[in-house]
């Protein structure tokens, strides 16, 4: 389970997270929804220790992330897959090497690495693309490689940062389907940051609406669809 | 007054804590040989072997100018075979390492800062961290080790080419024979001249690559930030060369 406890985070004069509190239960996909700049991606980065809270804490499986030792942090990160907004693939490495890098750091046997890379690429529908380089891939393919890199770690959690941003509707639906399959078939707990309502409704078990650095409303997909909360309604309907 | 002293104390403690953490991280990164080891040969080629043409180009013209300059200074005052001494001594101890270092500060320092800066702003560095890869072991250590090992090699080649170009200039443009030129070279040669220059160049390699890597990893703000980091890395690298040059002269001469 991932838990945010009254997290505050400031960048310069800008208070990005302001008492952000949220529980992310295991085995479900929780979507963090909200306007640009409300701290969704910042919250995600706190989970893997890329950022440290100014106040409050983030817990992963009962351990406070910013109090972990180097070894604990490494072990925790190995259990979390992270899919970046712009994929963050390593330009100088082939697709297969991008996926195997994290596995090599875990000192897995070479045959197991090869199997996992092949299985991950198969899962995202890119089985024959292992030798290509990121610059040779389309935006949708890069996103799928990013997901393959995350699932190759066989993680307990996958964090998706704006997974469908910049993609056409059909490719977005493919990514949505992948996220749903990852939860259903691999039992992965998902945290998805997005402002794409169609994607949110397609993948979420729970949706948390962020506003001004804190959680404004949390509910199931049906509860969010039916809510009369003016802020959430405005966001869902895309009214100015 | 007390507040002011407190602030200074807090700042000093912060600096000591940051330095301690940095030293600990660096030691840990160096210990991860399985992470940086496989990358070392590639970086030695990119930072060292690929820098040879520019270093040799500089060395050729340094040798020519030194020979002509020495001849201009010595004619009528000192025996002309001193041209060989001046060319060899200056190229080995000072101009070889420093000019090669300056050229490589531009090429290597900028290359490292731009590459790592781009990786930073495109979240590739964050991606490495989320994959539990030690960023310093993967990105910094192989580059620093490669530059430290390869700068003396490149400098040694530059020194050889500089002396040879000085010799060719002296024998073809000046009234100096080959035996006379090498009489000057031999008469003032000490083995220390060689290792002094190579030791300096190793320290230049370490400083330039470290500046490039650390500046690159601190990049913020997209393409403009990468540009700023690259410029900063080159400036810091050149400054480091001058400071280290003076340091080694004070310590070893």
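Every number in this text was worked out from the coordinates using simple rules, so none of it is lab data. What you see is a predicted model; the values in this text were computed from it and never measured. Because the Cβ atoms are built from the backbone with ideal geometry, glycine has one as well, and the counts that use them run over all protein chains shown.
Restricting the calculation to Cα atoms, every distinct pair contributes to the Kirkwood radius of segment A:175-240, found to be 12.7 Å.
What number, in percent, do you get for the relative contact order of segment A:91-154 if the mean sequence gap of Cα pairs under 8 Å and at least 6 apart is divided by its residue count?
Relative contact order for segment A:91-154 comes out at 49 percent.
So for chain B, considering every pair of alpha-carbon atoms, how many percent are separated by more than 26 Å?
On the way: 15807 of 31878 pairs.
I get 50 percent for the Cα pairs in chain B exceeding 26 Å.
Based on every Cα atom in chain A, Rg and the maximum pairwise Cα distance Dmax equal 17.7, 55 Å.
How big is the Kirkwood radius of segment B:120-186, worked out from every pair of different alpha carbons and given in Å to one decimal? Before the final figure, lay out each step's value.
Values: mean 1/r = 0.0632 Å⁻¹.
The Cα-based Kirkwood calculation yields 15.8 Å.
Taking the longest Cα principal axis of chain B as reference, the axis of helix B:178-187 is set at about 60 degrees.
Counting every other Cβ atom within 10 Å of each residue's Cβ, A:99, B:112, A:175 order from fewest to most as A:175, A:99, B:112.
When you work out D = kT/(6 pi eta Rh) for segment B:1-86 at 20 °C and 1.002 mPa s, using the Kirkwood radius from C-alpha pairs as Rh and the Stokes-Einstein form, the result is 114 µm²/s.
May I ask for the distance between the Cα centers of segment A:116-151 and segment B:12-36, given as a whole number of Å? Here the two parts' Cα centres lie 35 Å apart. Helix A:169-186 and the longest principal axis of the C-alpha atoms of chain A enclose an angle of approximately 80°. Against chain B, whose longest principal axis comes from its Cα atoms, helix B:2-31 is set at around 70 degrees. In the protein assembly as shown, the DSSP beta bridges split such that about 50 percent are antiparallel, to the nearest 5. Taking all Cα pairs closer than 8 Å and separated by 6 or more residues, the relative contact order of segment B:125-218 comes to 48 percent.
Among A:183, A:40, B:120, B:24, a tally of other beta-carbon atoms within 10 Å of each Cβ gives an order, fewest to most, of B:24, A:183, B:120, A:40. Pairs of C-alpha atoms in segment A:91-154 farther apart than 16 Å represent 34 percent of all such pairs. Oblate is the label for segment B:172-219, because the ratio a/c of its alpha-carbon gyration tensor axes (a ≥ b ≥ c) is 1.5 or higher and a/b is not greater than b/c. Remark on segment A:149-196: Rg and Dmax equal 10.7, 29 Å (Cα only).
Over the Cα atoms of the protein assembly as shown, the radius of gyration divided by the Kirkwood radius equals 1.12; this is the Rg/Rh ratio. Based on C-alpha pairs under 8 angstrom that are at least 6 apart in sequence, chain B has a relative contact order of 31 percent.
Can you give the mean number of other chain Cβ atoms that lie within 10 Å of the Cβ atoms in peptide A:70-78? Let's see the in-between values first.
Working: counts 4, 0, 0, 2, 4, 1, 1, 5, 3.
Going residue by residue through A:70-78 and averaging, the value is 2.
With r defined as the distance between the Cβ atoms of residue A:165 and residue B:54 and R0 fixed at 45 Å, what FRET efficiency is calculated, to the nearest 0.05? Kindly include the intermediate steps, with their values, before the conclusion.
Numbers: r = 42 Å, r/R0 = 0.94.
Computed FRET efficiency for residue A:165 and residue B:54 comes out at 0.60.
Across B:20, B:162, B:221, mean-square fluctuation computed from a Gaussian network of chain B (C-alpha pairs under 10 Å connected) peaks at B:20. Evaluated at q = 0.15, 0.21, 0.22 Å⁻¹, a Debye calculation over the C-alpha positions of segment A:99-240 (equal weights, vacuum) places log10 I(q)/I(0) at -0.80, -1.28, -1.37. Highest GNM mean-square fluctuation among B:71, B:172, B:229, for chain B modelled with Cα contacts below 10 Å: B:172.
Cβ crowding within 10 Å, taken as a proxy for footprinting-reagent exposure, orders B:72, A:160, B:81 from fewest neighbours to most as B:72, B:81, A:160.
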